[in-house]
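Asker: This structure is in structure tokens; I'll ask about it shortly.
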Amino acid sequence: DGGITQSPKYLFRKEGQNVTLSCEQNLNHDAMYWYRQDPGQGLRLIYYSQIVNDFQKGDIAEGYSVSREKKESFPLTVTSAQKNPTAFYLCASSVRVASVSTDTQYFGPGTRLTVL
Amino acid sequence: SQELEQSPQSLIVQEGKNLTINCTSSKTLYGLYWYKQKYGEGLIFLMMLQKGGEEKSHEKITAKLDEKKQQSSLHITASQPSHAGIYLCGADARGGATNKLIFGTGTLLAVQP
């Protein structure tokens, strides 16, 4: 089965701790993305990567970090610098690096992070 | 900055009724996506529209993009409980081919049996 997996599904963190969310895809997609979803605010882009060993900040990157050492993996670290980390985090991937049109993004099942 | 407005914010319909959800932008849309989300789960891709006037259908769901490429509608015919969920529109509105999407805030649909 091809798809995107995120783990864990639920994550609890104490204030001041860093935590890493996993995202893996076996779709052979080049591009991967992290979004944050809050009630009433829709999805907001945190970071994205269009190729291995390269990534760019999205609209709300402060307090987050990522790495892209392998094509199939794009982990997100929520650091203690993130002031309001409680949210639903979604990972997505899409085919292309270079194209004349936007490619469809496919999403994982999400991780709900709660800071205690 | 580009924003997508969805209307209505929420909708309750009786099973078997038709309904329409709208997604509106103040700027031209380059690639308009419709997704469905069950609460606490990931987004499921429904359809993508690119050309002005384009219309696509899948089972009982039809999506249209207007000629000016600034508004899209999602129409569900003869709604069923399985259609319940949150519908989100997403668009690449930053000049095309950037693959960065912005999203509307979603429309919550409930279908009463």
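Asker: Report whether or not B:ILE44 is more than 10 Å from every other protein chain (Cβ to nearest Cβ) and β-branched (Val, Ile, Thr). Talk me through it step by step, then tell me what you get.
Answerer: Working: more than 10 Å from every other protein chain (Cβ to nearest Cβ): no; β-branched (Val, Ile, Thr): yes.
Answer is no for this residue.
Asker: Residues A:VAL95, A:VAL66: which one is touching a residue at least 24 places away in the same chain (Cβ under 8 Å) and in contact with an Asp or Glu (Cβ under 8 Å, 6 or more places away or on another chain)?
Answerer: Details: A:VAL66 fails: in contact with an Asp or Glu (Cβ under 8 Å, 6 or more places away or on another chain).
Result of the check over A:VAL95, A:VAL66: A:VAL95.
Asker: Looking at the range A:10-37, which of the residues that are among the charged types (D, E, K, R), in contact with a Ser or Thr (Cβ under 9 Å, 6 or more places away or on another chain) and in a strand (DSSP E or B) is modelled with the lowest pLDDT? Quick ask: steps written out before the conclusion?
Answerer: Residues of the range A:10-37 that are among the charged types (D, E, K, R), as a first pass: A:13-15, A:24, A:30, A:36.
Subsequent filtering for residues that are in contact with a Ser or Thr (Cβ under 9 Å, 6 or more places away or on another chain) retains A:13, A:15, A:24, A:30.
Then keep just the ones that are in a strand (DSSP E or B); that gives A:13, A:24.
Values: A:ARG13: 90, A:GLU24: 98.
Step by step, filter the range A:10-37, then rank; the result is A:ARG13.
Asker: If you don't mind, there's one more thing I want to ask. Restricting to the range B:10-32, count the residues that are modelled with pLDDT of 95 or more and either of a type in the set (A, V, I, L, M, F, W, C) or within 15 Å of A:SER94 (Cα to Cα) (or both).
Answerer: 6
Asker: Which residue pairs have Cβ atoms under 8 Å apart, sit 6 or more places apart or on different chains, and have a first residue in the range A:5-31 that is under 21 Å from A:LYS83 (Cα atoms) and a second that is outside any loop (DSSP other than H, G, I, E, B) and among the charged types (D, E, K, R)?
Answerer: Final answer for the pair search is A:TYR10/A:ARG112; A:LEU11/A:ARG112; A:VAL19/A:ARG13.
Asker: How many residues does the range A:51-62 hold that are more than 11 Å from chain B (Cβ to nearest Cβ) and in contact (Cβ under 8 Å) with a residue 24 or more places away in the chain?
Answerer: The qualifying residues number 2.
Asker: Is it the case that A:TYR48 is surrounded by 13 or more Cβ atoms within 10 Å (Cβ to Cβ) and free of Cβ contacts under 8 Å to residues at least 60 places away in the same chain? Break it down stepwise before answering.
Answerer: Numbers: surrounded by 13 or more Cβ atoms within 10 Å (Cβ to Cβ): yes; free of Cβ contacts under 8 Å to residues at least 60 places away in the same chain: yes.
Spelling it out, A:TYR48 is indeed surrounded by 13 or more Cβ atoms within 10 Å (Cβ to Cβ) and free of Cβ contacts under 8 Å to residues at least 60 places away in the same chain.
The values are calculated or read from the model by the stated rules, or taken from the named source; none is laboratory data. Quick caveat, the model's predicted, so the values are computed rather than measured. Using ideal geometry, Cβ is built from the backbone for each residue, glycine included, and neighbour counts are taken over all protein chains shown.
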